[in-house]
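A short worksheet on the structure shown next.
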Amino acid sequence: MAGGGDKLKLLSTWFSPFGSRVQLALHLKGLSYEYVEEDLMNKSQLLLESNPVHKKVPVLFHRGKALCESMVIVDYIEEAFPDAGQPLLPSDPYKRAIARFWVAFMETKLVEPWMRMLDGTRTRAEMTEGVKQMLAAVATLEGALGQCSKGKPFFGGDSIGYVDVALGGLLVWVRASEVLLGVKFLDAARTPLLAAWSERFASLDAAKAALPDFGRVIKHAMMRRGAAAAVLAANN
Amino acid sequence: LRRQAERGREKKESSMADGEGNLKLLGLHVSPFALRVRMALGFKGVSYEYIEEDLFHKSELLLSSNPVHKKVPVLIHNGRPVCESLAVVQYVDEVWAGAGPDILPADPYQRAIARFWAAYIDDKLFPAWTGFMKAATEEVRGEKLKETHAAVQNLEKAFSESANGKAAFFGGDSIGYLDLALGCFLPWFGALRVMFGVEVIDAANAPLLAAWAERFGETAVAKEVLPEPDKALAYATKLKAYWASLNK
């Protein structure tokens, strides 16, 4: 199946924000890995066998094992390679708990409403509600950034941390959603800290390596939206 | 008077790790998420002040310690609040690393398995069984029950894969992270049995989990804090009345 030894292999798609999180962590740790592109329209045996529960990317292979769920994988990378690069989580348990809190918040309050909106079958009212929820989540994350960074560049302080990776992986998709939904999520007036953070984050080498091209994501999303709309039209 | 006693502070005595003066837990006696934390603290033998919250009349302390969600559990340690049950359990595991066995295993891969399934429990199982409980129509109830049983089947498989299904608990010979993550729902599964005549963990379809549930219920940490199903039942009745009043 995945091959053993210490080699790392990542199964993902070029556009997956969750895959980007894992790639960010791997790059920040200076870990080399084999990248395998998955076709989600025609799922591979490898994917179906290694992630039977969710059948989703990313999946990280290491020492003959498959790791699934982006932040579970990031935790694994942090713990399995303690001497690689710098830690994403601080050593203080309280600060670690705060980082985990904000990632949990991001998943339920930002990512969940957003994923619901992306399936292309939402009513106008549902889309409006989803956008409202996302804006509220971003406003809260603005406050979180202020608290966590205390004036420093990242949620992790001077250097990128766990929360930065979790949010940073989503960055291109958040920007793309601004175009697709006609809503500014990272707005210099409303969320100045996050707006500055996102510029700073996007300029990092790790981000350039791990995040997809913005234009390509827009094109892909429009194609998917077109396909979903066609399905909706055909069914009505 | 009884209500006062229930809402009053309960002191948990312990001979081992001392967190007493500096450690408070805001909880609800039937909240599975609060129960996770109580069991984690019990597992480590840590003493703390337990404060029962009335979620219909949230205290200032709750609102100020968890302004983002305004939910229990909140662990307040040396005046600093820690929220989100799984983050709190990991916090307890890390702060009281010396006191008693580890909640999460040492091996990174085993930790990943535990975290994966705990996330699955929160993302898939919890919405399914609570959706079942809250369903307004037979149709939705049927859908949600199917989802619940499907999730249980995946967890049954997970149990069979951990130590080939031969260990007593997900954590091995003694309970661990995943046992706490799932075990906290047992009082509610008992309540659903009474309310709807359904078995969430059905011995016929999920024999390993059914046996696990019995064993879990017999552990010291479970016996110490898990309420009887009738407490969950009483609370469900209270919730139903509340939801009904919202729909007026």
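Throughout, read-outs are computed from the coordinates displayed, never taken from laboratory work. This structure is a prediction, so every number in the text was calculated from the model and none was measured. Reconstructed Cβ throughout: ideal geometry from the backbone, glycine too, with neighbour counts over all protein chains shown.
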Among A:177, B:188, B:221, which residue has its Cα positioned farthest towards the positive end of the charge dipole of the protein assembly as shown, with +1 placed on the Cβ of Lys and Arg, -1 on the Cβ of Asp and Glu, and the dipole taken about the Cα centre? A:177
Residue among A:87, A:153, A:192 with the largest mean-square fluctuation in a Gaussian network model of chain A, springs linking Cα atoms under 10 Å: A:192
Those trypsin sites (Lys or Arg not before Pro) in the stretch A:142-226 that DSSP places in a loop and that have at most 11 other beta carbons within 10 Å: A:150
As I understand it, the dipole of the stretch A:65-126 uses +1 on the Cβ of Lys and Arg and -1 on the Cβ of Asp and Glu, about the Cα centre. Which of A:110, A:94, A:120 lies farthest toward its positive end? A:120
Simple spin-label estimate for residue B:69/residue A:196, 7 Å along Cα→Cβ, in nm, reads 3.0
Within the set B:24/B:70; B:124/B:144; B:24/B:223, which residue pairs have Cα atoms separated by over 18 Å? B:24/B:223
Inter-part gap, Cα centre of the stretch B:157-208 to Cα centre of the stretch A:17-36, in whole angstrom, is 35
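Report the charge-dipole magnitude of chain B in Debye, nearest 20, computed about the Cα centre from +1 at each Lys and Arg Cβ and -1 at each Asp and Glu Cβ.
So the dipole magnitude of chain B works out to roughly 740 debye.
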As an exercise, identify the GluC sites (Glu not before Pro) in the stretch B:186-248 lying in DSSP coil whose Cβ has no more than 14 other Cβ atoms within 10 Å. none
Connecting every pair of Cα atoms under 10 Å apart in chain A and solving the GNM, the largest mean-square fluctuation among A:169, A:19, A:157 falls on A:157
Within the stretch B:107-180, trypsin sites (Lys or Arg not before Pro) in DSSP loop having at most 11 other beta-carbon neighbours inside 10 Å: B:166
Let me spell out the model: positive unit charges on the Cβ of Lys and Arg, negative unit charges on the Cβ of Asp and Glu, origin at the Cα centre of the protein assembly as shown. What dipole size does that give, in debye rounded to 20? 1220
GNM top mover of A:188, A:66, A:207 - chain A, alpha-carbon springs below 10 Å: A:188
Kirkwood Rh over Cα pairs of the protein assembly as shown into Stokes-Einstein at 25 °C, 0.890 mPa s: D in µm²/s? 103
For the stretch A:8-80, give the magnitude of the charge dipole about the Cα centre (Cβ charges: +1 Lys/Arg, -1 Asp/Glu; no others), in debye to the nearest 20. 60
